[in-house]
Amino acid sequence: MDAALAQLRALDPRVRIGAAAVAVLLLVGGVLAVTLSPKAGPAPAATATATVEPSATPPRVRSTPVGTAAPRPTNFVGIDKSIPVSPPPAPRSSPTPEPGLWRLEGYIVDESGKPIENVCVVIGPVPCQQYSPKTDERGHYFVDIAAAGTNTILLAYDFYFEIPGRETVWLRMTPSGSSTFNAVLKRT
């Protein structure tokens with residue numbers, strides 16, 4: 001037990017805070033699940049109900065496949081290089097960005113226009129991380145960016161769309177509002 005505590009103390013404070021937050025969320029979720037679980041009792045009488053919005057796609061952990069992504073390209077593309085796509089409809093709309101945020105979103109497809117799931121959306125020069133945004137089963141992604149205020153200097157952002165076995169696309173943009181960027185990732 002002492003060895004485990006020593007290892008925990010040796011971790012970065014941010015990791016310890018994150019672990020504590022996850023533990024609290026799991027505890028609260030467990031309490032809520034037990035509290036809100038349906039109790040056995042008499043069957044309710046049939047009543048007319050309003051049409052309900054379909055449930056969201058079940059959440060699941062997205063993970064970019066193991067392997068080495070293609071080398072980073074030497075040339076970036078601009079937001080104007082976005083391509084038209086025809087994705088399947090979503091079971092329900094994606095959440096809207098909070099006030100004060102701009103959204104970059106789009107679809108990543110293969111050469112035949114089929115969506116590519118689990119493409120890592122890398123922000124900046126760091127490699128793909130465990131919690132980097134990933135495309136869903138429809139090839140859709142979104143990233144929320146702080147909106148520029150009246151006295152803000154606009155910054156250029158670098159986004160890399162990468163997955164092993166396909167070319168990486170490098171998008172450089174200076175946002176001035178919510179934007180859409182769709183791309184094709186070709187096989188390497």
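Tell me whether the range 155-178 contains one or more residues that are in a loop (DSSP other than H, G, I, E, B), in contact (Cβ under 8 Å) with a residue 24 or more places away in the chain, open to solvent by 50 Å² or more (accessible area, probe 1.4 Å) and more than 29 Å from Glu111 (Cβ to Cβ).
Yes, the range 155-178 has at least one match.
Keeping to the range 109-144, report how many residues are open to solvent by less than 40 Å² (accessible area, probe 1.4 Å), in contact with a Lys or Arg (Cβ under 9 Å, 6 or more places away or on another chain) and within 15 Å of Ile83 (Cα to Cα).
Number of matching residues: 4.
Just give me the residues in the range 106-134 being among the β-branched types (Val, Ile, Thr) and either in contact (Cβ under 8 Å) with a residue 40 or more places away in the chain or touching a Gly at 6+ places or on another chain (Cβ under 8 Å) (or both), in sequence order.
Ile108, Val109, Ile116, Val119, Val121, Val122
The values are calculated or read from the model by the stated rules, or taken from the named source; none is laboratory data. On a predicted model such as this, the values are computed, not experimentally measured, just so you know. Glycine also receives a Cβ, built like all others from the backbone with ideal geometry; neighbour counts cover every protein chain displayed. We work out accessible area using only protein heavy atoms, side chains counted, and drop any ligands, DNA or RNA first. Shrake-Rupley method; radii C 1.70, N 1.55, O 1.52, S 1.80 Å.
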